[in-house]
């Protein structure tokens, strides 16, 4: 998507979100672990990274976002009927709409289907907001989508604004300097992983084995409403990677056979060219030898493609953004399609 399109509607939403840069930065920082988790799931499904900002738009990345009768719930704001259609369990013991793992799985599945059906990710967002039949109706007669960022089709203003907000958020992440926003830098502590646990596991016991608090465990797993993991649920807990490893190890030691499975996605999973997370993870501490200038034999060149950023290119070649800037004498964070970058190491 052309996030930074010169559209009055998108520009107005950019100004709204960055009216207080400090508040925007705070919201990004507190959402970062879940945002990283969602981004990896999107990458694995081949969905543009812009959609990592969709839960920010829907709920400010609040997985606890409650539902009143018939209303949407969770960080993806899934409707009860949508949850039922996609097999999400909702009962007095477990509400999958509040589960970041289960709800993200369904949201990613929906977005992938909308992207394939409409062939335009902007229309996929509109379908997520208004439903696919509303978009199909707006496309009746094969109208010209126009050349602005927002497709010029007859659809309600709420849906048009929804897309404008998503594109505005994505643009702010692409060009933070323009909005005087400093993006947070992910660290190893922000990495989340999932653990498959046995039915009946008490959440307090799981927290103890994970060497964390029950309140911290429940904060990332609000879909589990009771004291233990019900058999009707996916039985998957989302935890910081270190805590997940501790829980998996404890479950394995305490059982006659391995019953825990830890799942994390590779940092570079999925296709390139998607909008990255706000900033690169902190690079590992370099050894003195690694600080030596790279030889010409190890130098590479990369032609920037549409949608790529310094962060996504750095991730692809396992280098830091600062290194890319230094090697290519770049003073900002924006690169443009067609630019040739030198990669060392």
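Tabulated data for the structure shown
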quantity	calculated
Residue 202-residue 303 pseudo-label distance in nm [points 7 Å out on the Cα-to-Cβ vector]	6.3 nm
Proxy reagent accessibility, fewest Cβ within 10 Å first, across 95, 120, 144, 125	144, 120, 95, 125
Cα-based shape type of the range 114-206, given that a ≥ b ≥ c are square roots of the gyration tensor eigenvalues and the cut on a/c is 1.5	oblate
Gyration tensor (alpha-carbon) shape descriptor, the range 156-214, a/c threshold 1.5	oblate
The range 1-44: mean projected area of Cα convex hull, nm²	3.9 nm²
Ranking of 139, 32 by count of other Cβ atoms within 10 Å, fewest first	139, 32
Likely footprinting exposure, 311, 121, 76, fewest C-beta neighbours within 10 Å first	121, 311, 76
Gyration tensor verdict on the range 8-179 (Cα atoms; rounded if a/c is under 1.5, prolate if a/b is larger than b/c, oblate otherwise)	oblate
Reciprocal mean inverse distance between Cα atoms of the range 106-147 - Kirkwood radius, Å	10.4 Å
Sequence-separation-based contact order of the range 8-179, relative, with Cα cut under 8 Å and 6+ spacing, percent	22 percent
Packing-based ranking, highest mean first, of 189-197, 233-241 given that Cβ atoms within 10 Å are counted	233-241, 189-197
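Every read-out reported here was derived from the displayed coordinates using simple, explicitly stated rules and does not represent laboratory data. Here the structure is a predicted model, which is why all the values come from computation and not from measurement. Cβ atoms come from the backbone with ideal geometry, glycine included; neighbour counts cover every protein chain shown.
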